[in-house]
1. Once you've got the GNM for the chain with C-alpha springs shorter than 10 Å, pick whichever of 87, 76, 99 has the biggest mean-square fluctuation.
2. List the aspartates and glutamates whose Cα sits under 12 Å from the Cα of residue 4, skipping any in the same chain fewer than 8 residues away.
3. By the scheme Lys and Arg +1, Asp and Glu -1, what is the net charge of all other residues having a beta-carbon under 11 Å from that of residue 51?
4. Excluding the sites themselves, what is the longest stretch of the chain that contains no GluC sites (Glu not before Pro) in a DSSP loop with at most 16 other C-beta atoms within 10 Å?
5. On average, how much accessible surface per residue is there in the chain, in Å², for a 1.4 Å probe, leaving out ligands, DNA and RNA?
6. For region 1-74, what is the charge dipole size about the Cα centre, in debye to the nearest 20, if Lys and Arg each add +1 at the Cβ and Asp and Glu each add -1 at the Cβ?
7. Rounded to the nearest 0.05, what FRET efficiency is calculated for residue 84 and residue 14 with R0 set to 30 Å and r the Cβ-Cβ distance?
8. Based solely on its DSSP helices, what 222 nm [θ] is calculated for the chain when runs of n ≥ 4 H residues each add -39,500 (n - 2.57) and the sum is averaged over all residues, nearest 500 deg cm²/dmol?
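The values are calculated or read from the model by the stated rules, or taken from the named source; none is laboratory data. Keep in mind it's a predicted model, so treat the numbers as computed, not measured. Methodologically, a virtual Cβ is constructed for each residue, glycine included, from the backbone with ideal geometry; neighbour enumeration extends over all protein chains shown. In case anyone asks, the SASA skips ligands and DNA or RNA and just uses the protein heavy atoms, side chains included. Shrake-Rupley method; radii C 1.70, N 1.55, O 1.52, S 1.80 Å.
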Amino acid sequence: MALKFRLRGLAETFIDTIRCPQCGNCGSDDERFTTELTKVTFEGIIVVLQCRCCSEIFVPSTQRLGVLNPSELRKAVERDSQEHGEALMPNLASVRLNAEKLNAARKGALH
């Protein structure tokens, strides 16, 4: 079963298969990976996974993003950022950078 993420008619993302870049753990559902770090950006829902085997945090390159309503998605992302006081992540590059920082902090390599 593939992973599917949908946000109230604003955006959707699909991932058919997942492979951990660190340990090679493979799967097609959330049995082997957690998705709690997933972010909603102006570009859509960017799935951020954490491997249950080795704890590596990564953004799979195989995800297919779809934005259904760009203007409403933008409003929702901005409103959510303000309401929760979290930094706005506008695109895939910012989400990938955040995943790299989380891995560095987890491994004690953040300076």
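1. Looking only at 87, 76, 99, the largest GNM fluctuation is found for 87.
2. Straight-line reach from residue 4, under 12 Å: 12, 16, 29, 30.
3. Values: positive: 19, 32, 52; negative: 56.
Once all neighbours under 11 Å are counted, the net charge is +2.
4. In the chain, the maximal stretch lacking such sites is 37-85.
5. 61
6. Numbers: 9 positive and 9 negative charges, 19 e Å.
That gives region 1-74 a dipole magnitude of about 100 debye.
7. On the way: r = 26 Å, r/R0 = 0.86.
Efficiency computed from Cβ-Cβ geometry: 0.70.
8. Numbers: 2 runs with 31 residues, N = 111.
It comes out at -9000 deg cm²/dmol, rounded to the nearest 500.
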